[in-house]
Every structure is written in C-alpha cells, then in structure tokens.
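Heads up: the structure comes next, in structure tokens.
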Amino acid sequence: MTSKMGKIILLTGEFENGKTTLCLKLLDAGKNNGMTVRGVICPPVFENGVKIGIDILNVETREQYRLAILRGSAASGIYTTRWQFNPDLMQWGNEILEKSIPCDLLFVDELGPLEFERGEGWQSGLRAIDSRSFILAVAVIRPRLIETALQRWPDAWVVTVTRENREDVLNQLLKELHSFSAK
C-alpha cells in the first residue's frame, strides 16, 4: 500500500441509476491495478425486473449474502420504510468495515438514514471514512443526505450518477483511480 491521502468520493443519484454497478466496476479496476481494496458493496437483487432484496458483498473476499428483503407490515429490528435487514449480516458488514482500513480503495455502499439519522447501519463505515486511512474512499450516499455527509467531510468530491451520464462518470472515476494506482 502506498501513502495515504484520504480522498473521499460521495457517489449519489436517484434509485436504480447504476451507483452500485459503478462501484463494482471500480472494484474490478482497483483489483486489476494491484490496489488493496476493502469494504462492502450492496448489490440489488431483482426478480422479474422488480427489486426484491439487497445483498452484501465483502469486496476483499467476494463473499456475498442476502442483507435485506422487502419489508412486511410487521417489521422489527433494523428496517427502513422499504427494507428489513438481517441483523447478523449488518454486524458482519460492520466487522468488515472495521477491519477494512488501512487500504488503498475503500467502498461503503450505502450510507443512508440508518447511519446518519438513526445511528444504525454502517457505523464502522463512517468511522473508516473518518480515519482517512486509505488513498480513495467511495461512499454511496442518498441525494437528500449529501449535505449531511458534506458537513462531516467538507472536502469530499460529490459525483452525481444519472442514467444519461453513468458511462461518462465511470470513465472519469476510472481515470481518477488510475492516477492514484500509478503513484
């Protein structure tokens, strides 16, 4: 691992515009460039074109499990208006994030109301980003929480992904990643 610079990219955009897919492509590029890549990415799970779940992927080991399912009417434990989260896998994700630093490339997908408003979710991800013990961190953030994230990390680079610009954003981020891996 090279010297730490602690640059933060806040990847934002509306639902299903390709933020997690972009993270997966950056993950592959980072690994292919010999970077130490750690953290969690949470790919959506679709059935017949409908999002029915969210998985959790340990980016270092490639282990992947079902993190959340569509919430029923009687939710308990960790949940949002739409999702019911598996508490054991939330703990596993936090353990991954806790052990993820130092690294070259850190992923935290996603930081939302659980983390910023309720003190739940990826609290270890917040602390990992706070540490700046990485060259580059990519955190997926809901658009309505960008200002909150910028209060915490005022020097972060905000990148908004839309269906129209996602290929351009990917190319821009790949160039950025390459510039760090070349150092």
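The values are calculated or read from the model by the stated rules, or taken from the named source; none is laboratory data. Please read all numbers here as calculations on a predicted model, not as lab measurements. Backbone-built Cβ (ideal geometry, glycine too); neighbour counts: all protein chains shown. Accessible surface is based on the protein model in full, side chains and every heavy atom, while ligands, DNA and RNA are left aside. Shrake-Rupley method; radii C 1.70, N 1.55, O 1.52, S 1.80 Å.
Is it the case, given these coordinates, that residue 177 is over 19 Å from residue 44 (Cα atoms) and either of a type outside the set (Asp, Glu) or surrounded by 15 or more Cβ atoms within 10 Å (Cβ to Cβ) (or both)?
yes
Are there any strands (runs of 3 or more DSSP E) wholly within the range 27-142 with 2 or more residues that are within 16 Å of residue 8 (Cβ to Cβ), and if so which?
37-41, 105-111, 136-141
Out of all the residues in the range 147-166, which are part of a loop (DSSP other than H, G, I, E, B) and either within 13 Å of residue 12 (Cα to Cα) or charged (D, E, K, R) (or both)?
155, 156, 161, 162, 163, 164, 165
Looking only at the range 102-152, which residues are touching a Phe, Trp or Tyr at 6+ places or on another chain (Cβ under 6 Å) and open to solvent by 10 Å² or more (accessible area, probe 1.4 Å)?
Result: 115, 148.
If I go through the range 63-84 residue by residue, how many of them are in contact with a Leu (Cβ under 6 Å, 6 or more places away or on another chain) and either surrounded by 19 or more Cβ atoms within 10 Å (Cβ to Cβ) or basic (Lys, Arg) (or both)?
Selection size over the range 63-84: 1.
This table checks each residue for (1) modelled with pLDDT of 95 or more; (2) β-branched (Val, Ile, Thr).
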site: 19; (1), (2): no, no
site: 45; (1), (2): yes, yes
site: 50; (1), (2): no, yes
site: 73; (1), (2): no, no
site: 103; (1), (2): yes, no
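Select from the range 3-17 the residues that are under 25 Å from residue 152 (Cβ atoms) and in a loop (DSSP other than H, G, I, E, B) and write down the one among them that is modelled with the highest pLDDT.
Within the range 3-17, the subset under 25 Å from residue 152 (Cβ atoms) is 3-15, 17.
Going one step further and asking which of them are in a loop (DSSP other than H, G, I, E, B), we end up with 3-6, 13-15, 17.
On the way: 3: 43, 4: 49, 5: 68, 6: 91, 13: 94, 14: 90, 15: 83, 17: 86.
Here the residue is 13.
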